[in-house]
């Protein structure tokens, strides 16, 4: 075999590999696009307008928070789309990976799909999604949209995904007056919310400051990596106004593993849309 022939064969193999990777990436994104369409096609009946009377039976700190956020008199959105950016890591000793994501939610019934891209190394990305729909949570993440690095569905992941949904309702707080959410008082600055969907219920304690802002949420949540339930919290350090509603716009996610705790995500919202026009 001549050197020229060898180089031509090598070039053809390289081109085929690049083409295959590009095809696989497009195929995976098409799968995610279909899943988004399926989520948004769910029966999302309008839930109405938040009235002052909807707040009357809620714990005092929750009433104060929702009034201060400006949800009274606004519509409960059927669909929410957010964009976020930040950093993510897989463990306390792992490197931080910058990421950006688009996430879709439905409120009736509850569901979400988080479509993210993380920069693992120069020219190497992790692409994938985390979702909850029809009572089932599942996750699929791939290096370069090709090599699976995290794939799981059902089981204990269902409650973990529903608890994530309950936490992220802070970004569309009008939905927290819905009939599927039950609130219980804890003290002057804390209240417990229980969300029920598809025959399962999850609970978390919301914490508020003197300015009636949400500042944290704590719960016991299934950790799929550790394969056990761990203390989980989402401290908040930024607030802003989207769609005329004041919401948390920046914070972190924290797992407590044994006697230690580590932050696994730091994020901020860049866009929030209620009932967007999605083509």
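The values are calculated or read from the model by the stated rules, or taken from the named source; none is laboratory data. Predicted, not measured: the structure shown is a model, and the values here were computed from it. Positions of Cβ are backbone-derived with ideal geometry, glycine not excepted, and every protein chain shown enters the neighbour counts.
Tell me whether the stretch 44-61 contains one or more residues that are part of a loop (DSSP other than H, G, I, E, B), closer than 21 Å to residue 223 by Cα, touching a strand residue (DSSP E or B) at 6+ places or on another chain (Cβ under 9 Å) and in contact (Cβ under 8 Å) with a residue 40 or more places away in the chain. Among the residues of the stretch 44-61, not one is part of a loop (DSSP other than H, G, I, E, B), closer than 21 Å to residue 223 by Cα, touching a strand residue (DSSP E or B) at 6+ places or on another chain (Cβ under 9 Å) and in contact (Cβ under 8 Å) with a residue 40 or more places away in the chain, which makes the answer no.
In this structure, does residue 17 turn out to be within 30 Å of residue 194 (Cβ to Cβ) and either modelled with pLDDT under 95 or surrounded by 11 or more Cβ atoms within 10 Å (Cβ to Cβ) (or both)? No: the conditions fail for residue 17. For the stretch 201-226, taking the residues that are more than 18 Å from the chain's Cα centre (by Cα) and in contact (Cβ under 8 Å) with a residue 40 or more places away in the chain, the one that is surrounded by the most Cβ atoms within 10 Å (Cβ to Cβ) is identified as 208.
Of all residues in the stretch 64-95, those satisfying the criterion of being assigned to a loop (DSSP other than H, G, I, E, B) and under 18 Å from the mean Cα position of the chain (by Cα) are 77, 78, 89, 90. Filter the stretch 107-133 for residues that are out of contact with any strand residue (DSSP E or B) (no Cβ under 6 Å at 6 or more places or on another chain) and either crowded, with 22+ Cβ neighbours inside 10 Å or without any contact (Cβ under 8 Å) to a residue 12 or more places away in the chain (or both); which is nearest to residue 146 (Cα to Cα)? Among them, the one singled out is 123. The set of residues in the stretch 64-77 being more than 17 Å from residue 248 (Cβ to Cβ) and buried (at least 20 other Cβ atoms within 10 Å of the Cβ) consists of 76 alone. With the requirement that a residue be farther than 30 Å from residue 199 by Cβ and part of a strand (DSSP E or B), what does the stretch 104-144 give you? Result: 117, 118, 119, 120, 121, 124, 125, 126, 127, 142, 143. Among the residues of the stretch 244-279, those identified as touching a strand residue (DSSP E or B) at 6+ places or on another chain (Cβ under 6 Å), without any contact (Cβ under 8 Å) to a residue 40 or more places away in the chain and under 17 Å from residue 82 (Cβ atoms) are 249, 250, 251, 252, 253.
Of all residues in the stretch 89-106, those being at pLDDT below 95 and either more than 19 Å from residue 139 (Cα to Cα) or crowded, with 20+ Cβ neighbours inside 10 Å (or both) number 4.
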